[in-house]
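The structure appears below as structure tokens.
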């Protein structure tokens, strides 16, 4: 179900008019739907049926405290990649046992904090990191739970910036090197081996790469089992794609069924969806400031920019852009560009739209990697975030002010 739909000729977020929310909270603006977030989480959870499983939402996709709190209430765990995300999860109502810690560059301070907190598991990405966790565990006299993230050398067939499962990527341990590291971890005094972790990339539109990766991971598990090790879970990552343009991504049901087709019935499965829970639960609302037709291109200059939503500039990403209240102006091809002083500042190019100054536009599927990647470039204030629950709207992050930006800085004496 689409929780952003047209009713009475104008776009609604659940039961609320987006145009009224834009007037109330200003633009640019991120809007999220509570129902969409919860339903998407439930789709993954229900797809497993009675197979033992845990879902760890990838916090990097959207780390707003209200979003994390909603998912914690649903029973979600959390996949983090920094100490800051650890603190966010705890403040949002998650518990340490709800947390797995991924990422290639964990600092000593982050590891110390996570060990002290008693998180569920570290997804370890290198031999040196394994040594560091053992050392910190010994210093704290605590046993740290670990899984090795193995790199299965599977082509996810996605954008190269978000491919993570090839030998050329920085992530994980080569799968052929994993048995020796598992033996080392099993002998370590302050490590406890829990599982095997694998994540091959993001925005995947095919299930074949998942199937290849699962089969390679299971072959590793068989070898480890033969060598006397007990593997208590498989963490098979996330990365399921969403519909940005005309793609038809696999459903959570098909994705989970593909995984479970190969996994033994008594083996618990962990997954780490992020984008596929949050993306379509959010839109980015922006207002047309000026129309600037030229001999070469027609530019619609909007108040949202690359600092607010960087995916189009960074990845060349395409996201649907729609008028919030369509009207009868002449349709033209428009480049939707922002105020930032960069030619790369655009939200969309060659879009056929009927536009006038002051029109409101919605960028669809903006709930993931939208605000989370926003910046203060050009000293611009980051947008407000609002979460809609049926006919109520909650300001879950106020719009920044210039005072917010400057409070951490000082002039020379």
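Here, each number is a calculation from the coordinates, and none is a lab measurement. The structure displayed is predicted, hence computed values, not measured ones. Note: ideal-geometry Cβ built from the backbone for every residue, glycine included; neighbour counts use all protein chains shown.
For the range 264-382, a/c is not less than 1.5, where a ≥ b ≥ c are the root eigenvalues of the C-alpha gyration tensor, and a/b tops b/c. That puts it in the prolate class.
Counting neighbouring beta carbons within 10 Å and listing from fewest to most, the residues 32, 3, 57 come out as 3, 32, 57. Per the Debye formula on identical point scatterers at the alpha carbon atoms of the range 103-271, with no solvent, log10 I(q)/I(0) at q = 0.10, 0.11, 0.14 Å⁻¹ is -0.38, -0.46, -0.73. Normalised size of the chain, defined as Cα radius of gyration per 2.2 N^0.38 Å with N residues, equals 1.05. For the chain, the 222 nm mean residue ellipticity estimated from helices alone, with every DSSP H stretch of n ≥ 4 adding -39500 (n - 2.57) and the total spread over all residues, rounds to -8000 deg cm²/dmol.
Nearest 10 degrees, 0 to 90: what angle lies between the long axis of helix 178-187 and the longest principal axis of the chain (Cα atoms)? Its long axis makes an angle of about 60 degrees. For the range 370-413 and the range 235-291, compute the distance between their C-alpha centroids and round to whole Å. Spelled out, the Cα-based centre of one part sits 27 Å from the other.
Each Cα pair under 8 Å and six or more residues apart adds its separation to the average, and for the chain the resulting relative contact order is 19 percent.
Taking other C-beta atoms within 10 angstrom as a stand-in for reagent exposure, 334, 318 fall in the order 318, 334, fewest first. For the pair residue 140 and residue 289 in one chain, pulling the backbone fully straight at 0.36 nm per residue adds 48.0 nm over the alpha carbon distance. Between 0 and 90 degrees, the angle of helix 108-117 with respect to the longest Cα principal axis of the chain falls at about 80 degrees.
Residue separation of residue 104 and residue 215 scaled by 0.36 nm, minus their Cα-Cα distance, works out to 37.6 nm of gained length. Were the residues from residue 176 through residue 42 laid out at 0.36 nm apart, the gain over their Cα-Cα distance would be 44.7 nm. Taking N as the residue count of the range 52-159, its C-alpha radius of gyration divided by 2.2 N^0.38 Å amounts to 1.09. Inter-label distance, residue 206 to residue 390: 4.5 nm, where each label sits 7 Å from its Cα along the C-beta direction. Taking the Cα atoms only, what angle lies between the long axis of helix 127-140 and the longest principal axis of the chain, rounded to 10 degrees? The angle comes out at about 80 degrees.
When 19, 375, 189, 63 are sorted by how many other C-beta atoms sit within 10 angstrom of their C-beta, beginning with the fewest, the order is 189, 375, 19, 63. Modelled spin-label separation between residue 330 and residue 128, with each label point placed 7 Å from Cα along the Cα-to-Cβ direction: 6.2 nm. For the range 103-271, the relative contact order comes to 20 percent (Cα pairs under 8 Å, sequence separation of at least 6).
Distance between Cα centroids, the range 1-26 to the range 37-89: provide it in whole Å. Between the Cα centres of the range 1-26 and the range 37-89 lies a distance of 26 Å.
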